[in-house]
Amino acid sequence: MTTQSTTTPTEHDQWWRDAVVYQVYPRSFADSDGDGMGDLPGVTARLPYLRDLGVDAIWLSPFYTSPQHDGGYDVADYTDVDPRFGSLADADTLIARAHELGLRVVVDLVPNHSSSEHVLFQQALAAAPGSPERDLYVFREGRGEHGELPPNNWTSIFHGPAWTRVTEADGTPGQWYLHIFDTSQPDWNWDNPAVHEMFRGVLRFWLDRGADGFRVDVAHGMVKPEGLPDATVNAEGLIDIPEGEVPVYFDNDGVLDIYREWRPIVDSYAGDRMMVLEAWIPEHRLPLYIGPEEAHQSFNFGFLQARWGVPTMRAAIEKPLALADAVGAPTTWVLSNHDVIRHATRYGFPPEHRFGEGLSREEVPDTELGRRRARAATLLMLALPGSAYLYQGEELGLPEVADIPDELREDPSHHRAGVPGRDGCRVPLPWEKDAPAYGFSPTGASWLPQPAVFAELAADVQAGDPNSTLEMYRLALRLRGELGLGRHVEGVEFPDGLPEGVLAVRRGSVWVLVNTGDAAVELPAPLAAATLLVASGPGVARGVLPADTAVWLRTA
């Protein structure tokens with residue numbers, strides 16, 4: 001176990017300001033024991049691959065004790081490892097090995113809710129209304145003559161009511177508990193000081209073990225509005241959420257006090273530890289969450305959501321840079337994660353395409369177009385100042401998997417509402433073309449089926465191929481570090497005068513050009529004479545930029 005005096009892998013101060021962080025979804029990364037589910041020893045064994053890829057840190061999605069009703073985000077014990085993933089000793093080994101390789105380790109923190117199997121929730125169920133045990137969670141009496149109606153009209157993110165009624169010890173219908181997500185994920189009561197104390201202990205537990213930071217799940221959700229008022233509904237009786245806003249139970253100012261409480265704890269540890277927030281909030285609220293007294297970073301989801309095209313992509317860069325710079329914090333860039341359709345698939349649809357919750361079998365993308373645009377968008381992202389967050393498998397150009405049998409899907413949204421859900425981006429990775437389960441598991445077991453297309457996208461197939469997505473990532477990540485592109489926010493310019501459909505970003509002598517049009521364009525003479533550093537696709541000739549392609553050029 002490490003202590004507060006532990007040094008970090010390198011001496012770079014505030015490493016998180018320009019780090020490239022690779023998200024590992026442990027269930028689907030690498031399976032060491034052959035049970036079909038990824039585990040921590042599997043991650044440890046593959047750490048050299050991540051070092052060679054060129055990332056600075058890994059972020060581990062939850063590996064804690066959990067019944068896995070929501071992919072581990074239903075935590076039953078925040079200070080232990082689920083046996084399916086290994087042990088605390090395995091976590092210590094992973095962190096130590098990562099540090100040996102110069103990689104930092106960010107762990108997931110889930111403070112909005114626990115698993116319904118958490119011992120404290122089980123004690124709350126067994127206790128009486130008004131008891132200290134129940135006050136750790138959000139229990140309320142129901143409305144109606146006999147309390148038969150939920151306390152308010154809030155609905156779950158995973159569909160259906162956000163409240164579930166319990167049966168009391170005497171067998172009678174009782175209070176209701178709040179679950180903004182699944183019924184198996186009761187919300188903590190952050191008005192209770194004991195909850196604050198418990199999570200301060202969780203922070204210290206993982207910091208003591210050498211964790212370099214935390215990714216905070218549902219970082220805008222812990223504190224609920226006073227009195228738990230009804231949400232406004234529209235004519236159809238559904239909760240009315242104006243464009244760019246969030247439901248009433250999110251983004252309440254009390255969450256900011258939690259980060260001000262946690263920041264001194266994180267800062268008290270040597271090695272420049274950090275927090276990055278998963279906060280789906282209105283853009284103008286972002287500066288309130290980050291700064292010297294709040295969190296170090298918050299995800300910039302506007303870039304992920306930007307439609308393919310110059311105006312939308314440029315706005316998704318300029319606005320977050322300005323907002324973060326206003327409080328002296330770096331912004332972040334992300335194109336894929338465990339909750340969204342992989343960008344190699346999203347970009348295979350017209351920009352105006354509206355996705356539902358997951359990719360349906362009826363939605364068939366233009367696979368080649370999606371991969372071309374995804375590679376181009378990645379080069380754009382990696383040239384921007386701030387931190388870049390990669391999702392496992394995107395460096396292989398993996399698509400979203402739509403053809404998963406319904407009986408194998410695990411996403412709560414699928415079970416509650418029949419939508420496709422998020423399982424399509426969580427299919428286990430292909431490491432070796434000719435190995436069982438494409439190298440994911442030694443026995444060929446896989447908790448979700450891998451499509452045949454994964455064979456040609458396996459890491460061993462792409463390694464060494466200069467035209468592969470994997471080698472493009474490796475080259476771009478190396479150049480990003482050598483050129484210092486992650487730093488110096490003030491060095492971002494958006495030159496005009498380029499052909500229509502070309503987004504240009506200038507970083508000193510480095511020009512990043514993205515042709516978002518459907519035809520090749522000729523570049524101005526000074527750029528035609530520039531040195532080509534990296535291209536997202538073939539066909540780049542001196543002075544000609546193909547459609548759906550990005551390049552980094554260096555001028556004299």
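Antiparallel beta bridges, as assigned by DSSP with both residues in the chain, represent about 55 percent of the total such bridges. One equal scatterer on each Cα of the stretch 140-236, no solvent, Debye formula: the resulting log10 I(q)/I(0) at q = 0.17, 0.23, 0.24 Å⁻¹ is -0.91, -1.30, -1.35.
Would you calculate, for the chain, the mean residue ellipticity at 222 nm contributed by helices, counting each DSSP H stretch of 4 or more residues as -39,500 (n - 2.57) and dividing by all residues, to the nearest 500? Only helices count here, giving -7000 deg cm²/dmol.
Ranking Ala295, Val138, Val502 by how far each Cα lies toward the positive end of the dipole of the chain (charges on Cβ) leaves Val502 at the top. In terms of the mean number of neighbouring beta-carbon atoms within 10 Å, the peptides 35-43, 511-519 order highest first as 35-43, 511-519. Our compactness index for the stretch 80-211, the C-alpha radius of gyration over the empirical 2.2 N^0.38 Å, is 1.30.
Round to the nearest 0.05 the FRET efficiency obtained for Gln123 and Ala520 when R0 = 56 Å and r is the Cβ-Cβ distance. If you can, show how the numbers build up before the last one.
Working: r = 66 Å, r/R0 = 1.18.
That gives a FRET efficiency of 0.25.
Each of the peptides 262-270, 387-395 was scored by the mean count of other Cβ atoms within 10 Å over its residues; in descending order, highest first, they stand as 387-395, 262-270.
In whole percent, what relative contact order does the stretch 419-556 give with Cα contacts below 8 Å and a gap of six or more residues? Show your work: numbers first, answer last.
On the way: 220 pairs, mean separation 21.2, N = 138.
Result for the stretch 419-556 is 15 percent.
Between the beta carbons of Arg200 and Asp465, assuming R0 = 45 Å, the FRET efficiency works out to 0.40 to the nearest 0.05. Magnitude of the charge dipole for the stretch 365-415, about its Cα centre and with charges confined to Cβ atoms of Lys, Arg (+1) and Asp, Glu (-1), is about 460 debye.
Of the residues Ile281, Ser336, Ala219, the one whose Cα sits farthest toward the positive end of the charge dipole of the chain, with +1 on the Cβ of Lys and Arg and -1 on the Cβ of Asp and Glu, is Ser336. Each part gets one Cα centre, and for the stretch 473-490 versus the stretch 374-451 those centres are 26 Å apart. Label zone (Ala455, point 7 Å along Cα-to-C-beta; backbone nitrogen cut-off 16 Å) within the stretch 411-429: none.
Centre-to-centre separation between the Cα atoms of the stretch 124-169 and those of the stretch 262-309: 32 Å. When the inverse distances between all different Cα atoms of the chain are averaged and flipped, the Kirkwood radius reads 24.5 angstrom.
About its Cα centre, the dipole of the chain is roughly 1680 debye, where the only charges are +1 on Lys and Arg Cβ and -1 on Asp and Glu Cβ.
In this label model, Ser87 and Glu368 are separated by 5.3 nm, measuring between points 7 Å along each Cα→Cβ vector.
Placing unit charges on the Cβ atoms of the charged side chains and taking the dipole of the chain about its Cα centre, the candidate lying farthest along the positive direction among Ala452, Pro538, Leu120 is Pro538.
Computed from the coordinates by the stated procedures, all read-outs in this text should not be read as laboratory data. This one's a predicted model, so the numbers in the text were calculated from it and none came from an experiment. Positions of Cβ are generated from backbone atoms using ideal geometry, with glycine treated the same way; all protein chains shown enter the neighbour counts.
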